1. What distance in nm separates the simple spin-label points at residue 29 and residue 70, each placed 7 Å from Cα in the Cβ direction?
2. How far apart, in nm, are two points set 7 Å out from the Cα along the Cα-to-Cβ line at residue 156 and at residue 80?
3. Which GluC sites (Glu not before Pro) in segment 67-162 pass both tests, a DSSP loop state and at most 16 other beta-carbon atoms within 10 Å?
4. Can you compute log10 of I(q)/I(0) for segment 3-125 with the Debye formula, treating each Cα as one identical point scatterer, at q = 0.18, 0.21 Å⁻¹?
5. With axes computed from alpha carbons, what is the tilt in degrees of helix 92-108 against the longest principal axis of the chain, rounded to the nearest 10 within 0 to 90?
6. Give me, ordered by chain and number, the residues 5 or more places off residue 5 or on other chains with an amide H under 5 Å from its own placed amide H.
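Derivation of every value follows stated rules applied to the coordinates shown; laboratory data play no part. Quick caveat: nothing in here was measured; it's all calculated off a predicted structure. Note: ideal-geometry Cβ built from the backbone for every residue, glycine included; neighbour counts use all protein chains shown.
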Amino acid sequence: MVRAIYPGSFDPLTNGHLDIVQRASQLFDEVLMAVVGNPSKSASLSVEVRKMLITQATTGIPNIKVGDFQGLTVDYAKIENAQILIRGLRAISDFEAELSMAQMNKELFPELETIFLMSKAEYSFISSTTVKEIARLGGDVSQFVPPPVHDYLQEHFTRGAK
Ligand code: ADP
């Protein structure tokens, strides 16, 4: 049984994240999407909402699980018995930070293997930050996020825009 962990802010989940986790779910027995709840990372959506949206968007894929953690990813990976850490790469700009994070995690927990999945070209420009910015300004984000995320943003974000 090979368990993978896919950590991230997912603030909110985008089609880019969803594509990565769907592909990972075909490679590993189980993939745990781990929402980072560290107070130092100021998120727009609460951990509970981010988890709810991931759960709704991944129903029908039984080997995708959802959790959350605070602290080090490697500690959570140990607790959850994960052998693989998944990260997505969109562009060269992601690479430098991801490389040093993977190397640091290797020092901290040598048994955990980081695997990078390359973003599909059509998703490589999507980020949670730009999606929120467009939604706040009243733009249509339906092609960038799964339907439950779109509905949530329309309900809670556009209305709150100044
Ligand atoms: P973090 O705050 O940890 O970077 P994110 O939620 O932004 O969390 O992203 C989680 C992971 O998903 C990261 O590995 C990131 O590179 C990857 N990712 C983000 N957006 C995309 C995308 N559009 N396509 C593929 N991977 C993505």
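1. A separation of 3.2 nm, rounded to one decimal place.
2. Once both label points are built, they end up 2.0 nm from each other.
3. On the way: sites: 80, 96, 98, 107, 111, 113, 122, 133, 155; in loops: 80, 111.
Here the GluC sites (Glu not before Pro) that fit, given the DSSP loop and packing criteria, are 80, 111.
4. Reported log10 I(q)/I(0), two decimals: -0.98, -1.37.
5. The angle comes out at about 40 degrees.
6. Those qualifying (amide H under 5 Å, at least 5 residues apart or on another chain) are 32, 84, 85, 86.
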